[in-house]
């Protein structure tokens, strides 16, 4: 399988810069897979798990992201994530903290659209909790 360039960054640091075969993304409109020669696209992320496969024989490297964006163009994928937890560091307590911070956002606004957006994020984090 062909590879493409991945740059995975947060505001604080660069997490990963390498050639990979496949990345599974929790997009705001649903989960999707990026392979080499994928058409150009930009998408926002929802809270969920990103799975990165360096090649078909390797095990996935998995990260939990709260939100962010991806940009795929010319066989270069850039993932800009607001916050990231490596799979080995994901705990129910950490996910509970994220849910609590999202719930504070829900409770602190009268804006119905904002409340709905954060309630969806809470639902997505709970879905991840049920998987770990």
(message) Please determine whether any residue of the range 83-102 is in contact (Cβ under 8 Å) with a residue 60 or more places away in the chain and under 22 Å from residue 11 (Cα atoms).
(response) yes
(request) Only residues that are touching a residue at least 60 places away in the same chain (Cβ under 8 Å) and assigned to a loop (DSSP other than H, G, I, E, B): list them for the range 31-54, please. (result) 46, 47
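Kindly indicate whether any position in the range 109-131 is under 23 Å from residue 14 (Cα atoms), surrounded by 15 or more Cβ atoms within 10 Å (Cβ to Cβ) and in contact with a helix residue (DSSP H, G or I) (Cβ under 6 Å, 6 or more places away or on another chain).
no
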(message) Residues to consider are 64, 69; find the one that is outside the structural domain of residue 126 (by TED's automatic domain parsing) and out of contact with any helix residue (DSSP H, G or I) (no Cβ under 8 Å at 6 or more places or on another chain).
(response) 69
(message) Would you confirm, using the coordinates I've provided, whether residue 44 is within 11 Å of the chain's Cα centre (by Cα) and loosely packed, with under 15 Cβ neighbours inside 10 Å?
(response) yes
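Here are some residues: 28, 17, 44. Which one is assigned by TED's automatic domain parsing to the domain that holds residue 57, modelled with pLDDT of 95 or more and closer than 20 Å to residue 122 by Cα?
Sole residue among the options that is assigned by TED's automatic domain parsing to the domain that holds residue 57, modelled with pLDDT of 95 or more and closer than 20 Å to residue 122 by Cα: 44.
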(request) Look at residue 4 and say whether it is surrounded by 12 or more Cβ atoms within 10 Å (Cβ to Cβ), more than 15 Å from the chain's Cα centre (by Cα) and in contact (Cβ under 8 Å) with a residue 40 or more places away in the chain. (result) yes
(request) May I ask you to list the residues in the range 70-84 that are surrounded by fewer than 15 Cβ atoms within 10 Å (Cβ to Cβ) and part of a strand (DSSP E or B)? (result) 71, 73, 76
(request) Go through (1) out of contact with any strand residue (DSSP E or B) (no Cβ under 8 Å at 6 or more places or on another chain); (2) loosely packed, with under 11 Cβ neighbours inside 10 Å and name the single condition residue 29 misses. (result) (1)
(request) Please state which one of 49, 35 is modelled with pLDDT of 95 or more, under 14 Å from residue 23 (Cβ atoms) and either under 13 Å from the mean Cα position of the chain (by Cα) or not assigned by TED's automatic domain parsing to the domain that holds residue 17 (or both). (result) 49
(request) Give the range 55-69 a look and list any residue that's in a strand (DSSP E or B) and under 11 Å from the mean Cα position of the chain (by Cα), or say none. (result) 62, 63, 64, 65, 68, 69
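Give the residue that is surrounded by the fewest Cβ atoms within 10 Å (Cβ to Cβ), with candidates limited to residues of the range 85-97 that are in contact with a helix residue (DSSP H, G or I) (Cβ under 7 Å, 6 or more places away or on another chain) and part of a helix (DSSP H, G or I). Please lay out each step first, then the result.
Taking the range 85-97 and keeping what is in contact with a helix residue (DSSP H, G or I) (Cβ under 7 Å, 6 or more places away or on another chain), we get 85, 92, 95.
Of the ones still in play, those that are also part of a helix (DSSP H, G or I) are 92, 95.
Working: 92: 9, 95: 18.
So, considering only residues that are in contact with a helix residue (DSSP H, G or I) (Cβ under 7 Å, 6 or more places away or on another chain) and part of a helix (DSSP H, G or I), the one surrounded by the fewest Cβ atoms within 10 Å (Cβ to Cβ) is 92.
The values are calculated or read from the model by the stated rules, or taken from the named source; none is laboratory data. Every value quoted in this text rests on a predicted model; they were computed, and no experiment measured them. Cβ atoms come from the backbone with ideal geometry, glycine included; neighbour counts cover every protein chain shown.
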